[in-house]
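Undergrad: I'd like to ask some things about the structure below.
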Amino acid sequence: MATELQCPDSMPCHNQQVNSASTPSPEQLRPGDPILDHAGGNRASRAKVTLLTGHTHCSLPAELDAGACVGSSLNSESNSGSGDSSSYDAPAGNSFPGDCELSRQIGAQLKLLPMNDQIRELQTIIRDKTASRGDFMFSADRLIRLVVEEGLNQLPYTECMVTTPTGYKYEGVKFEKGNCGVSIMRSGEAMEQGLRDCCRSIRIGKILIQSDEETQRAKVYYAKFPPDIYRRKVLLMYPILSTGNTVIEAVKVLIEHGVQPSVIILLSLFSTPHGAKSIIQEFPEITILTTEVHPVAPTHFGQKYFGTD
């Protein structure tokens, strides 16, 4: 299940995995104590005690100071590619809020995949400028599949009864009908196959949004959806959230076609705090699902995936 960023005001702003039964609270930890990973195993702290979600790269100092979390440096990456229509400049000060602060700023509508070494490696390969295009695409497709699977888990199910080949009655669940995907061209198209691999007959619409050369504002050039999209739940696909402007324009188009923000689940691989916050502020009912919130987004994603870098 995706992790909701919820943290009471009374809790120190450590980068703590929320609602994790296997992770002890900061008050119970001492330097050198082992930390249970998400699979339930024992993983010793390598350098200093770190409460892993990994999404914000925020770790506790050895003395477990209850002060604010401090993140990684905010060096900029290449802005060429199919990220948002304009680049996001990381804030000065080389500090980045932990999960608690993100919860206060953005809210529970932002959901993150629980971090593990597999996801961390995929993120690393995607960000590595020396990675070959083959390795990049392979890692991107794997990460997309993980996000899509969790996105489908956010959709409603109904209980059902089936009969096994041995005659046994099995109580299970099945998807409720009435879902569709919408990709924001071009980089969003990279996520379409991952969705089709999980839902073979799902209908997928498209939106083309580009920056206006004069105003540099996001502008809608093309939109085509299933005719009954206003009755469907929408998985909106866009891998990189930088400023959030492109997604905001896309959601406006969906609203014009009768789609309510509350039935939109935005599937993304990477997001900046600014991008996620901008979208939630504009549409508080939308759900954002991503693997990482970090001030620097790999905005080269679209160009490298499609071989135009």
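The values are calculated or read from the model by the stated rules, or taken from the named source; none is laboratory data. In this text, all values refer to a predicted model and were calculated from it rather than measured experimentally. Cβ coordinates were reconstructed from backbone atoms using ideal geometry, including for glycine residues, and neighbour counts include every protein chain displayed. For the accessible areas, the whole protein counts, side chains as well, though only heavy atoms, and no ligand, DNA or RNA atoms are used. Shrake-Rupley method; radii C 1.70, N 1.55, O 1.52, S 1.80 Å.
Undergrad: Non-local amide H neighbours of Asn179 (under 5 Å, H modeled in plane, Pro and chain starts lacking H): which ones?
TA: Under 5 Å from the amide H of Asn179: Lys233.
Undergrad: Here is a further query. Given the Cα-Cα distance of Asp212 and His257 and 0.36 nm per residue of separation, how much length would full extension add, in nm? It would help to have the intermediate numbers written out before the result.
TA: Details: separation 45, 0.36 × 45 = 16.20 nm, distance 2.29 nm.
Length gained between Asp212 and His257: 13.9 nm.
Undergrad: Give the ranking of Cys180, Cys198 by solvent-accessible surface, highest area first, calculated with a 1.4 Å probe.
TA: Details: Cys180 0, Cys198 40 Å².
Sorted descending by solvent-accessible area, the residues read Cys198, Cys180.
Undergrad: Here's something else I'd like to know. Along the stretch 246-254, what does the Karplus equation 6.51 cos²θ - 1.76 cosθ + 1.60 (θ = phi - 60°) give for ³J(HN,Hα), rounded to whole Hz, x for Gly and Pro?
TA: 5, 5, 4, 5, 5, 5, 4, 5, 4
Undergrad: Continuing with the same structure: Step through the table entries Lys111/Lys304; Lys177/Lys219; Lys219/Lys277; Lys111/Lys177; Lys174/Lys219; Lys233/Lys277, compare each Cα-Cα distance with 28 Å, and write down the pairs that go over it.
TA: On the way: Lys111/Lys304 26 Å; Lys177/Lys219 32 Å; Lys219/Lys277 21 Å; Lys111/Lys177 23 Å; Lys174/Lys219 38 Å; Lys233/Lys277 22 Å.
Pairs exceeding the cut-off: Lys177/Lys219; Lys174/Lys219.
Undergrad: Provide the net charge surrounding Leu143, with neighbours chosen by a C-beta distance below 14 Å and charges set as Lys +1, Arg +1, Asp -1, Glu -1. Don't skip to the answer; put the middle values down first.
TA: Details: positive: Arg120, Arg127, Arg142, Arg145, Lys304; negative: Asp117, Glu121, Asp128, Asp135, Asp141, Glu149, Glu150, Asp197, Glu292.
Combined, the nearby Lys, Arg, Asp and Glu give -4.
Undergrad: State the percentage of accessible surface on the stretch 197-276 attributable to carbon and sulfur atoms; use a 1.4 Å probe and exclude ligands, DNA and RNA. Walk me through the intermediate numbers first.
TA: On the way: 1600 of 3690 Å².
So the carbon and sulfur contribution to the accessible surface is 43 percent.
Undergrad: Tell me, what is the 1.4 Å probe accessible area of Arg203, in Å² to the nearest 10?
TA: Surface open to solvent at Arg203 totals about 110 Å².
Undergrad: Need one value: the accessible area of Tyr157 in square angstrom, 1.4 angstrom probe, rounded to the nearest 10.
TA: It works out to around 90 Å².
Undergrad: Could you do me a favour and compute the accessible area per residue for the stretch 99-306, 1.4 Å probe, result in Å²?
TA: Values: 9540 Å² over 208 residues.
That works out to 46 Å² per residue.
Undergrad: Where the centroid of each part is defined by its Cα atoms, how far is the stretch 126-170 from the stretch 194-226 in Å?
TA: 22 Å
Undergrad: Also, quick follow-up: As a test of reading the structure, rank Val263, Val148 by solvent-accessible area (1.4 Å probe, protein chains only), most first.
TA: Numbers: Val263 45, Val148 0 Å².
So, going from the largest accessible area down, we get Val263, Val148.
Undergrad: How do the peptides 265-275, 295-305, 117-127 rank, highest first, by the average count of neighbouring beta carbon atoms within 10 Å per residue? Show your work: numbers first, answer last.
TA: Values: 265-275: 25.9, 295-305: 22.6, 117-127: 16.8.
Ranking the peptides 265-275, 295-305, 117-127 by packing returns 265-275, 295-305, 117-127.
Undergrad: Here's something else I'd like to know. P(r) for the stretch 236-309: what percent of alpha-carbon pairs falls in each 10 Å bin, starting at zero?
TA: The calculated distribution, bin by bin, is 20, 52, 24, 5.
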